[in-house]
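Here is the structure we will look at, set down as C-alpha cells.
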Amino acid sequence: RVAATVYGEGFDDDDELSDFGEEPVSRRERKSSQKEEQRQQETMDEMFVEFFDAIDDLSDNEMEGTSGMGLGLVIPKLKTDGEISAHYNVPLPALQQLKVDFPECPPAELARFLARKSVSGDAQKAGKLIASYLEWRKGIAKWPQPPSDLPNPFRFNGFARDGSRLLLLLPCTIDIGFKPELYCQTLVRNLDVEVERADTLRFTVLLDCRPHLALGYDAKPVWRLWSHISAMAKIFQSYFPERLQRFVIYPAGDLEMGAFRMFKGLLSTETVKRVRLLYSKLGYAAAAPPPELLEILDVAEIRRENK
C-alpha cells in the first residue's frame, strides 16, 4: 500500500465555537457571510467545470467502433499501417497521405491526430494540427531550464492491469507560486523521455489527493489547483492526443463525490467512462488509497521510489 500521513483532525462535537466572540452576529454580517459562502461555492463550481472540460478534451475521440477507445487491453506496438488505422479507427488512405506529407512522423503519431474529434479522419485538418505540433516541438529545446526549487508532481510507474502505463500525479506537491506553464513544460519533458512517438501506448493517470508529509508536502485540496491541473490536461491533449486511457481520482470524499454527481450530466459519455473517483469516508485525509485501486493495478507495478 502507498504510504501517506493522516492529515489533521477536526473539531470535537463538544467544541465551544461561541468562545470566539461574545457579541451576537448582526444581520448585516450574516448576509455578508452568506454572500461570501455563495461566492466561494460558485468559484468552486466554475473550477470543477473547467477541470472536467479539460478531461473532456482528453477524451477527444468519440468515433464509433474504434478498438483503441475501450477500456480493454492496451496494445503498445502495432506494425502495419492497416493495424494502426484500424486501432484508431481512422481512414487508411488519410493515414497514407499524411505519411507522404510528414515523413518525419511515425504512422501511429499521425493516426492519433487523425483520430481527434475535431479532425474526424480528415487528412487536411490533421495536417494543420501536425504542422503546428512539429513547429512546437522545435521550441522544446529552447525552453529555459526549470527552477531548481520547482517540485515535480509526476511519478512514472509500471503498467496497469489493462496494459496502460501508470502516471502518478501528486497535487500536494504543486506550488501555485509557480505558473502552470512551468508544470506543463515539466510534463512534456517527462513524457518525451518516457514515451516513444511510434507506439500506441496509453496512460492511466492516478491523481492521489492525499498529503505526503514524509515527502515534505502538506494537504492541498485538489479543487484549489484546477488552473494548474487543467492546463496540464490541455497540453497533454494538444500534443499527446489519444494517450489517455483513464483518469482515477482518489481518495474522494463526500464533497468530491457529490460534485462529480452534480456535474456528471454535463460530461460526454466518453469522459464519464474514463474518469473514476474512488471513495473514502475521510477524503484526502485517508492514510491509504481505497482498496478499489487494486482493481486497476498490481502493487508490484509501483516503482520502489514511489511506494
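The values are calculated or read from the model by the stated rules, or taken from the named source; none is laboratory data. Treat the numbers as computed from the prediction; the structure is a model and nothing was measured. Glycine also receives a Cβ, built like all others from the backbone with ideal geometry; neighbour counts cover every protein chain displayed. Please note that ligands, DNA and RNA were not included when accessible areas were found on the heavy atoms of the full protein model with its side chains. Shrake-Rupley method; radii C 1.70, N 1.55, O 1.52, S 1.80 Å.
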Take R274 and tell me if it is out of contact with any helix residue (DSSP H, G or I) (no Cβ under 6 Å at 6 or more places or on another chain), surrounded by 14 or more Cβ atoms within 10 Å (Cβ to Cβ) and in contact (Cβ under 8 Å) with a residue 12 or more places away in the chain. yes
Quick one: R224 ticks every box in (1) part of a loop (DSSP other than H, G, I, E, B); (2) farther than 22 Å from L129 by Cα except a single one, so which number is it? (1)
Which one of these is surrounded by fewer than 16 Cβ atoms within 10 Å (Cβ to Cβ), in contact with a helix residue (DSSP H, G or I) (Cβ under 8 Å, 6 or more places away or on another chain) and hydroxyl-bearing (S, T, Y): S148, S132, S118? S118
Out of L267, L206, L293, report the one residue that is closer than 29 Å to H87 by Cα, under 17 Å from the mean Cα position of the chain (by Cα) and modelled with pLDDT under 90. L267
Quick check on segment 151-170: of everything there that is open to solvent by 50 Å² or more (accessible area, probe 1.4 Å) and outside any strand (DSSP E or B), which residue is farthest from L213 (Cα to Cα)? R161
When restricted to P91, P103, the only residue open to solvent by 50 Å² or more (accessible area, probe 1.4 Å) and in contact with a Ser or Thr (Cβ under 8 Å, 6 or more places away or on another chain) is P91
Within segment 175-201, tally of residues that are exposed (fewer than 15 other Cβ atoms within 10 Å of the Cβ), out of contact with any helix residue (DSSP H, G or I) (no Cβ under 8 Å at 6 or more places or on another chain) and assigned to a loop (DSSP other than H, G, I, E, B): 3
Do we find that K142 is at pLDDT 90 or above and among the basic types (K, R) in this structure? yes
How about segment 81-136: which of its residues are touching an Asp or Glu at 6+ places or on another chain (Cβ under 9 Å), of a type outside the set (A, V, I, L, M, F, W, C) and either free of Cβ contacts under 8 Å to residues at least 24 places away in the same chain or part of a helix (DSSP H, G or I) (or both)? Y88, Q96, K99, P107, R112, G127, Y133
Scanning segment 221-242 for residues that are surrounded by fewer than 20 Cβ atoms within 10 Å (Cβ to Cβ) and among the charged types (D, E, K, R), which turns out nearest to L182 (Cα to Cα)? K234
In segment 188-203, anything aliphatic (A, V, I, L, M) and closer than 23 Å to G82 by Cα is listed as V195, A198, L201
Sole exception among (1) open to solvent by 20 Å² or more (accessible area, probe 1.4 Å); (2) modelled with pLDDT under 90; (3) touching a strand residue (DSSP E or B) at 6+ places or on another chain (Cβ under 7 Å) for D218, by number: (3)
May I ask you to verify whether A300 is out of contact with any Lys or Arg (no Cβ under 7 Å at 6 or more places or on another chain) and either open to solvent by 50 Å² or more (accessible area, probe 1.4 Å) or not in a loop (DSSP other than H, G, I, E, B) (or both)? yes
